[in-house]
Amino acid sequence: MTIKVDFNNPVLVGKELDYMAQAIENKHLSGDGAFTKKCHTLLEDSLDIPKVLLTTSCTHALEMMAILLDIQKGDEVIIPDFTFVSTVNAFVLRGAHPVFVDVQEDTLNLDETKLEAAITSRTKAIVPVHYAGVGCEMDAIMSIAQHHEIPVLEDNAHGLFGKYKDKYLGTFGNMAAQSFHETKNFSCGEGGALLINDPKLVERAEIVREKGTNRSRFFRGQVDKYTWVDIGSSYLPSDILAGMLYAQLEEREKIQYHRKNLWGTYNIALKNWAEKENIQLPTVPEHTEQSYHMFYMLLPNLEARQRFITYLRERGIYSVFHYLPLHLSDMGKHFGGKVGDCPVTESVSDRLVRLPFSFGLSMSEQEQVIDTILEFKV
């Protein structure tokens, strides 16, 4: 079957090719070149935070956070069960034991009412994930974390420029991780960023990101040579990729405007049909401003979800499901996960479907998707 409307359609939105060519002409193709610095400054100024460091992926930003917190074997890290494997792998790689907490039925975010019960004397971090770019209940999460003196690390892969009570997502915890993967609102194919809200972590973060050397201090003239001073790895993206990303960030208002229109059109056009067919559309609390990262639906059961995906595919429209419950994966069972531990996650994982959604999706293509969906009967 020929795909007429793809799930994700990455396109150029501005000066990507010009900036990538400039990066080559600058003869600085490796990390921390001119465009990397432009991205750092734009994000720091826009979000009003002390430091941003581009990374090769959101996964690597998460791994850096685990290193910077000195996560050790036996430490516990609280993570929502409904998230991508990178969220948990970053800490398991350091020897941590993941503690999976179920999600809310409406926003699919970490259920803050279950957070306190998950904390033990071994808890070293709480990692909320802003699912679909809708903010977690950060007031409650931060209050609990501060009471127990536990760092909060935000997985904000979906949520750049989203807000919770007028404060940007990614600026609440000690650190946050961003993604610039092909499927994200702003992309350079593969890429990420570490947002650092605690100034005390900045210097070591630069060292960890530079293979454990104080190379950044050397380039600033603070030392006369650089050497190996800590553990670390190579987390710097090429400045060519930074050039592509900077072009997209420059066009952030245009990108977000189109995504907001797409999201709103889906929500309005499908509302009556969804109510009739007992299908749940996304919930966005009034005190949050979402990033318009995705549009998903929750069908009544697994059979209906799979039939719906097949129905669209047969008509040339590509839709996808999302995360599987981490606690029921092979690795999750290794850490003690069993059926019934996170019932909301187990339910929504079977029922969720993501509709085509990207800056490259035209309004006419979206109209085709909507017209096709409205003829589906559960």
For GLU303, what charge total do you get from the other residues with a beta carbon under 11 Å from its beta carbon, if Lys and Arg give +1 and Asp and Glu give -1?
+2
Along the three principal axes, how long is region 252-373 when you take its alpha carbons, biggest first, rounded to the nearest angstrom?
47, 34, 25
Residue-span extension gain [SER233 to ASN89] - 0.36 nm each, minus C-alpha spacing:
50.2 nm
What are the equivalent ellipsoid semi-axes of the chain, built from the alpha-carbon gyration tensor (square roots of five times its eigenvalues), in whole angstrom, biggest first?
34, 27, 17
Kindly express, to the nearest 10 degrees and within the range 0 to 90, the angle between helix 363-373's C-alpha long axis and the longest C-alpha principal axis of the chain.
50 degrees
Taking amide H positions as placed in the peptide plane 1.01 Å from N, state which residues far from THR55 in sequence (5 or more) or on other chains have amide H under 5 Å from it.
GLY192, ALA193, LEU194
Sequence neighbours fewer than 8 away in the same chain don't count; with that in mind, list the lysines whose C-alpha is under 21 Å from LYS211.
LYS37, LYS51, LYS200, LYS225
Before rounding to the nearest 500, sum -39500 (n - 2.57) across all DSSP H runs of length at least 4 in the chain and divide by the residue total; then give [θ] at 222 nm in deg cm²/dmol.
-11500 deg cm²/dmol
For the chain, find the longest principal axis of its Cα atoms and tell me its angle to the long axis of helix 138-148, 0 to 90°, nearest 10.
50 degrees
I want the local charge near THR227. Using Cβ-Cβ distances under 13 Å, sum +1 for each Lys or Arg and -1 for each Asp or Glu among the other residues.
+1
When Rg is the radius of gyration of the Cα atoms in region 1-138 and Rh is its Kirkwood radius, what does Rg/Rh come to?
1.06
Roughly how many nanometres apart are two label points built 7 Å out from the Cα toward the Cβ at THR265 and ASP139?
3.6 nm
Calculate, for LEU29 and GLU367, the FRET efficiency according to 1/(1 + (r/R0)^6) with r their C-beta to C-beta distance and R0 45 Å; round to the nearest 0.05.
0.60
Counting only residues 5 or more apart in sequence or on a different chain, those whose built amide H sits under 5 Å from that of ALA125 are ILE78
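Return the FRET efficiency for the residue pair GLU44, ALA21: r is the Cβ-Cβ distance, R0 is 30 Å, and the value is rounded to the nearest 0.05. Let's see the in-between values first.
Working: r = 26 Å, r/R0 = 0.86.
Given R0 = 30 Å and the Cβ-Cβ separation, E is 0.70.
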What order, most packed first, do the peptides 161-174, 362-375 have when packing is the mean number of other Cβ atoms within 10 Å of each residue?
161-174, 362-375
Based on the mean of other beta carbon atoms within 10 Å per residue, what is the order of 221-227, 177-183, 89-95, most packed first?
177-183, 89-95, 221-227
Roughly what % antiparallel, to the nearest 5, for the DSSP beta bridges in region 16-250?
55 percent
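Bear in mind that the values in this text are calculations on the coordinates, not laboratory data. Since the structure is predicted, the reported quantities are computational estimates derived from the model, not experimental observations. Don't worry about glycine lacking a Cβ; one is built from the backbone with ideal geometry, like all the others, and counts go over all protein chains shown.
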